[in-house]
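Below is one structure, written out as structure tokens; comments come after it.
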Amino acid sequence: MHPNPIFRDTLAPENIAFARERGFGVLSVNGTRHPMLSHVPFFLAEDAAHADLHLVRSNLIARACKPSLPACIAVSGPDSYVSPDWYGIEDQVPTWNYVAVHLIGTLEPMPDNSLPALLDKLSDHFESRLLPKPPWLRRKMSDGTFDRMARMIQPFRFHVSDIQGTWKLNQNKSDAVRHAAADHTAAYGIGSDVRALAALIHGVPDQGE
């Protein structure tokens, strides 16, 4: 997380809501030779006490998680390069604005018989956003197909002990300068979901309020 506290004063409910809505992140654990990483969808519980996910059984993290491992899930949001010229004031430097939330905790395997319910919960979490499309359901699969595919993956529960967020949105700039940066980000940003990032920058409360 960014060391400047001005970028880390977002309230816990906002960090939780962001991580739950995004539902996808980089799972990281310490390995013997190097960190082990895996990109995973997850379902964060309503109280944010745990997140459920699954890994392919051949995944190095899955093999190492016996019986549990300290871990982190890094959840990334919109981001963009910010040119100093966009501020309209002198003596600025290039930077990168972004949103990121880290879930910190412990990963442990779940019983294999919990996998169908976990997958149903995950798919419903995302399918419910695709309305009016009828949601995908397991029963649409041919007999035996789901069971064959499910044997290749393993369910896990990530117990959350801490949630940290960075929302770097030019909060350290004056209102006019910040809004100028947001407008240029929307028009010329280099990154991911630059218009969404610009909207977040514009949404920072003006310092005069």
Check your understanding: Going by accessible area, probe 1.4 Å, with all protein chains left in place, what is the ranking of Tyr98, Tyr87, largest first?
Key -> Tyr98, Tyr87
Practice item. Please say if the stretch 96-141 is rounded, prolate or oblate, where rounded means a/c under 1.5 for a ≥ b ≥ c the square roots of the C-alpha gyration tensor eigenvalues, and otherwise the choice is prolate for a/b larger than b/c and oblate otherwise? Key: oblate
Review point. Helix 115-127: angle to the longest alpha-carbon principal axis of the chain, degrees 0 to 90, nearest 10?
Key: 40 degrees
Practice item. Name the residues whose placed amide hydrogens come within less than 5 Å of the amide hydrogen of His50, ignoring near sequence neighbours (fewer than 5 apart) on the same chain. Key: Ala45, Val160
Revision key, fill the gap. GNM on the chain, Cα springs under 10 Å; top mean-square fluctuation among Gly77, Gly191, Gly88 goes to Gly88
Check your understanding: Mind checking the angle between helix 175-188 and the chain's longest principal axis? C-alpha axes, 0 to 90 degrees, to the nearest 10.
Key -> 60 degrees
Point to revise | Top of Ala199, Ala181, Ala19 by mean-square fluctuation, Gaussian network on the chain, Cα under 10 Å | key: Ala199
**Study point:** With all protein chains modelled, accessible area of Leu115 [1.4 Å, Å²]
**Key:** 10 Å²
Exercise for review: Identify the trypsin sites (Lys or Arg not before Pro) of the stretch 33-113 meeting these criteria: DSSP loop state and at most 16 other C-beta atoms within 10 Å of the C-beta.
Suggested key: Arg33, Arg57
Check your understanding: Which one, [x] 70, 36, 21; [y] 64, 46, 28; [z] 69, 44, 38, gives Cα extents along the principal axes in Å as derived from the coordinates shown?
Key -> [y]
Revision key, fill the gap. Computed over the chain: longest principal axis from alpha-carbon atoms vs helix 194-203 long axis, angle to nearest 10 degrees, is 60 degrees
**Study point:** Gap separating the Cα centres of the stretch 91-145 and the stretch 20-67, nearest whole Å
**Key:** 12 Å
Check your understanding: Can you put Asp175, Asp91 in order of accessible area, largest first, using a 1.4 Å probe?
Key -> Asp91, Asp175
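Taking the solvent-accessible surface of protein heavy atoms with a 1.4 Å probe, what is the per residue accessible area of the chain in Å²?
56 Å²
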Review point. What distance in nm separates the simple spin-label points at Asp183 and Asn4, each placed 7 Å from Cα in the Cβ direction?
Key: 2.2 nm
**Study point:** Within a Gaussian network of the chain (alpha carbon springs, distance under 10 Å), most fluctuating of Ala71, Ala62, Ala17
**Key:** Ala17
Review point. Stretch Ala49-Val26 to full length: gain in nm at 0.36 nm per residue minus the Cα-Cα span?
Key: 6.5 nm
**Study point:** Accessible area (Å², 1.4 Å probe, nearest 10) - Glu21
**Key:** 110 Å²
Review point. Hey, what did the chain get for relative contact order, percent, Cα under 8 Å, at least 6 apart?
Key: 27 percent
Point to revise | MRE, 222 nm, helices only [DSSP H, n ≥ 4, -39500 (n - 2.57), over the chain, to nearest 500] | key: -8000 deg cm²/dmol
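The values are calculated or read from the model by the stated rules, or taken from the named source; none is laboratory data. All figures in this text were calculated on a predicted structure; none of them were measured in a lab. All Cβ positions, glycine included, derive from the backbone under ideal geometry; neighbour counts span all protein chains shown. Calculation scope for accessible area: heavy atoms of the full protein, side chains included, ligands and nucleic acids excluded. Shrake-Rupley method; radii C 1.70, N 1.55, O 1.52, S 1.80 Å.
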